[in-house]
Amino acid sequence: TQRRFAAEEEAFVVTVCAQLSGAIAHAEATGALRRLASADLGAGRKQREAIFHGIPSSPGVGIGHVVLAQQTVDLYSVPERFSEDPDTEVEIFRQALKAVKRDMQNLGGGLQGKLNSEELALFDVFIRMLDDTSLGGEVIEAIKTGHTAQSAWSSVILKHVRTFQEMDDPYLRERAADVDGLGKRVLSYLVATNRQDIPLPRRIVLVGEDLSATALADIPVNRLVGIISLRGSSNSHLAIVARALGIPTVMGAIDVPWTELEGEELIVDGFNGHVVSRASRTLRRSYLQRQKEEKILIQDLQKLRDVPCKTPDGSSFSLWVNTGLRQDTIASLRSGAEAVGLFRTEIPFLSRSSFPTEDEQVAIYREHLETFAPRPVTMRTLDIGGDKDLPYFPIDEENPFLGWRGIRISLDHPEIFLVQIRALLRASEGLDNLRIMLPMISTITELDDALDLIKRAHKELVSEDGYNIMMPPIGAMIEVPAAVYQVAEIGQRVDFLSIGTNDLVQYLLAVDRNNPRVAGLYDAFHPSVLRALKIIFEQAESVGCQLSVCGEMAGSPHGAVLLFGMGYKNLSMSATALLRVKATLLATSSDQAREIASRASLMTDASSVADFVSQSLEEIGC
Ligand code: PEP
Ligand code: MG
């Protein structure tokens, strides 16, 4: 009917459509629409592709099949899965129940005499809840309708948790947490059984809700072609590791219906932050073409490997590499890097189930020092905390990036720190290419304490244990605003400084580097960051301390030109970025870079700086 619609009606329709379009895109992506279409409208109808948006976090295009990251045992994120073999699922479920009942009996037995009889009776209640006449029976019914044991269990248990949560009686309301706990306990057995027998596809796209660098430990990295995480941002550590490995990655892809994509083919577009499911043939072909072009570009860059690092007017610069994984060693060597500017020692710690012993650490460090010798290798001491939790050293904090991180943990746990320092020093014996770097320095006292411990460890090794080890150069990271204003004092105490722009940007701009919601505010080209970099440079010069930059800013051609123009001659970056940066600096004279940096420093916002640098580099022909 043609008529004039009121503004309220229009707003109402827009609201309904916005809700519906999200639901439809979701259903298309998960195949729910296809199932409906073949059931109700006849098979053979074509599905439209769905494109989800996130934050581009590691460039490249990856096409592969989804593997969901090992679930942490969370009832709320169990995928809705179906099985064609309900008998096996029932058997798996019964085994899990048996194991939990045994746990409960043992737990109850162990607490005899410590709890009163009412509290002890709770264990019997839990055991009875798992019986066939109670929750157990309900779940088995759900499995028989086609659900896997995990999905059936989580949906039944969550229904009961909600019922308890809504009760008026506060005592009963609190029981929701008990039911939830019981649910997790059974789920952990179910997850453990499932993990053993899922075959992995040849080309893996790893997908998870909140992936950290640890997730890579469970996957054969050589088969990994893409990573998607619903949380996190392009400066999360997972993204940094993915860039080092050259794996296309999209972070903060909050709309991806991850629990329902297992086994589906996805395209990960790490250039633009897109995730495509059910791609049309045309789109798939254009992505394959992009992959091919990228490969040719990378091969082409290899020509620059041994070209001396000199600008057209003869000014020298040094490009170093950031590393930490065994898998990126080959890429680091192939990039022609002159040294390792940052070895993140926490990375080998992440993929283990306990702290490595001193001897185990010696073996890890020695392997890397030998691989790069005689080139210097800058080993940064353990920088855990923030978004780098060790599975065996959990830290639970409201504000982890402002909390117990890096050197703070090392100094509170000198036994861990000293073992690491001893291992580093022992690993360097006879090679003498070690440099030790301290992360997250925010006070001079921290630095002095750490230096004392390092000297003590060296002295013990040489005079008591008879090792013949040189005292390596010691450096500090400048990555906290407090350190920016004490560069001179810090620089007088150490042999070198290195700027961690990833953290410096987050702390200067008060933007969590891991939070996709504020990712648009995280920008290394913010005028305040550029000013801080200028201050650091001048202060380091004033005390004659060697200075480099090892944050991600150094690994982008635009960032590198700005830094070079400010006077920075030593940049450290991931191996996959190095030759691109080298190509740009080889084409830019020092006068041009200085001019770009000086004009950028007068601008008032980050996007003007970015546009200006892009335009200038285009004019130069980069
Ligand atoms: C940095 O903060 O810039 C840095 C190099 O260290 P990380 O990214 O490991 O915190
Ligand atoms: Mg840092």
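In square angstrom, rounded to the nearest 10, how much accessible surface does T282 have for a 1.4 Å probe?
Result for T282: roughly 100 Å² accessible.
What are the ³J(HN,Hα) values, in whole Hz, obtained from phi via the Karplus relation 6.51 cos²θ - 1.76 cosθ + 1.60 with θ = phi - 60°, for each residue of the range 304-320 in sequence order, with x given for Gly and Pro?
Each residue of the range 304-320 in turn: 7, 3, 9, 6, x, 7, 9, 6, x, 9, x, 7, 8, 9, 10, 10, 10 Hz.
Let me spell out the model: positive unit charges on the Cβ of Lys and Arg, negative unit charges on the Cβ of Asp and Glu, origin at the Cα centre of the chain. What dipole size does that give, in debye rounded to 20?
1960 debye
To test your reading of the geometry: what angle, between 0 and 90 degrees and rounded to tens, separates the Cα axis of helix 135-144 from the longest principal axis of the chain?
Taking Cα atoms only, the helix is inclined about 90 degrees.
What list of ³J(HN,Hα) couplings, whole Hz, do you get for the range 556-571 from phi and the Karplus terms 6.51, -1.76, 1.60, once you set θ to phi - 60° and write x for glycine and proline?
Couplings: 9, x, 5, x, 5, 5, 4, 5, 4, x, 7, x, 6, 10, 10, 10 Hz.
I want the local charge near Q506. Using Cβ-Cβ distances under 15 Å, sum +1 for each Lys or Arg and -1 for each Asp or Glu among the other residues.
Here the count lands on -3.
So, in nm, how far is label L107 from label A11 when the simple model puts each one 7 Å beyond its Cα toward the Cβ?
Output for this residue pair reads 5.1 nm.
For helix 281-301, what angle does its Cα long axis make with the longest principal axis of the chain, in degrees from 0 to 90 and rounded to 10?
Tilt of helix 281-301: around 30 degrees.
Report the normalised scattering of the range 322-476 as log10 I(q)/I(0) at q = 0.12, 0.18, 0.19 Å⁻¹, calculated by the Debye formula with identical scatterers on the alpha carbons.
The Debye formula, applied to the Cα set alone, gives -0.49, -1.12, -1.24.
How much length is gained on full extension from M167 to R281, taking 0.36 nm per residue of separation minus their Cα-Cα distance?
My answer for the length gained is 35.8 nm.
Using a basic spin-label model with each label point 7 Å from the Cα along Cα→Cβ, how many nm lie between L200 and Q19?
Placing both labels 7 Å along Cα→Cβ, they lie 4.2 nm apart.
Based on the Cβ-Cβ distance of L288 and I330, what FRET efficiency does E = 1/(1 + (r/R0)^6) give at R0 = 25 Å, to the nearest 0.05?
In this case the efficiency is close to 0.50.
Near the amide H of N570, under 5 Å away, which other amide H atoms are found, from residues 5 or more places off or on another chain, if H is placed in the peptide plane?
Hits under the 5 Å cutoff: S318, V549.
Whose amide H sits under 5 Å from the amide H of G64, counting only residues 5 or more places off or on another chain, with H placed in the peptide plane?
L266, V268
Once you have a ≥ b ≥ c as the square roots of the Cα gyration tensor eigenvalues for the range 302-414, tell me rounded if a/c is under 1.5, and otherwise prolate or oblate according to whether a/b is larger than b/c. Write out the running numbers ahead of the final one.
Numbers: a/c = 2.74, a/b = 1.86, b/c = 1.48.
Since a/c reaches 1.5 and a/b is larger than b/c, the shape of the range 302-414 is classed as prolate.
Which far-off residues, 5 or more places away or on another chain, put their amide H under 5 Å from the one on M437, with H placed in the peptide plane?
M379, R380, T381, G475
Based on the Cβ-Cβ distance from L297 to V518, what FRET efficiency comes out when R0 is 41 Å, to the nearest 0.05?
Plugging the Cβ-Cβ distance into 1/(1 + (r/R0)^6) gives 0.80.
Viscosity 1.002 mPa s, temperature 20 °C: Stokes-Einstein D of the range 522-614 from its Kirkwood Cα radius, in µm² per second?
After rounding, the answer is 162 µm²/s.
For K101, which lysines qualify as cross-link partners when the Cα separation must be under 24 Å and same-chain residues fewer than eight apart are set aside?
Straight-distance partners of K101: K114, K144, K159, K184.
Report, in deg cm²/dmol and to the nearest 500, the calculated mean residue ellipticity at 222 nm for the chain, where each DSSP H run with n ≥ 4 adds -39500 (n - 2.57) and the sum is divided by the residue count. Let's see the in-between values first.
Working: 23 runs with 301 residues, N = 622.
Calculated at 222 nm, the ellipticity per residue is -15500 deg cm²/dmol.
How long, wide and thick is the range 425-524, going by the Cα atoms along their three principal axes, in whole angstroms, largest first?
Taking the Cα atoms of the range 425-524, the three principal extents are 54, 25, 16 Å.
In the calculated pair distance distribution of the range 209-260, what percentage of Cα-Cα distances lie above 14 Å?
47 percent
Whole-Hz ³J(HN,Hα) for each residue in the range 497-504, computed from phi via Karplus 6.51 cos²θ - 1.76 cosθ + 1.60 with θ = phi - 60°, x for glycine and proline: what do you get?
Result, ordered by residue: 10, 9, 8, x, 5, 4, 7, 4 Hz.
Please list Y507, Y189 from largest to smallest accessible area, probe radius 1.4 Å, with all protein chains kept in place.
Ranked list, largest accessible area first: Y189, Y507.
Could you compute Rg(Cα) / (2.2 N^0.38 Å) for the range 146-301, with N its residue count?
Here the answer is 1.33, to two decimals.
Hey, can you rank 304-316, 376-388 by average C-beta count inside 10 Å, highest first?
Values: 304-316: 12.7, 376-388: 23.5.
Answer by packing, highest mean first, reads 376-388, 304-316.
What whole number of Å gives the distance from the Cα centroid of the range 318-340 to the Cα centroid of the range 593-619?
29 Å
Which percent, to the nearest 5, of DSSP beta bridges fully inside the chain are antiparallel?
Around 35 percent of the beta bridges assigned by DSSP in the chain are antiparallel ones.
What Kirkwood radius, in Å to one decimal, follows from the Cα pairs of the range 95-188? Don't skip to the end; give the middle numbers.
On the way: mean 1/r = 0.0717 Å⁻¹.
Taking the inverse mean of 1/r over all distinct Cα pairs, the range 95-188 comes out at 14.0 Å.
In square nanometres, what is one fourth of the surface area of the convex hull spanned by the alpha carbons of the chain? Intermediate values should be presented prior to the final figure.
Numbers: hull surface 147.6 nm².
If you wrap the Cα atoms of the chain in a convex hull and average its projections, you get 36.9 nm².
The values are calculated or read from the model by the stated rules, or taken from the named source; none is laboratory data. Computed from a predicted structure; not experimentally measured. Heads up, the Cβs are rebuilt from the backbone with ideal geometry, glycines too, and the neighbour counts pull from every protein chain shown. For the accessible areas, the whole protein counts, side chains as well, though only heavy atoms, and no ligand, DNA or RNA atoms are used. Shrake-Rupley method; radii C 1.70, N 1.55, O 1.52, S 1.80 Å.
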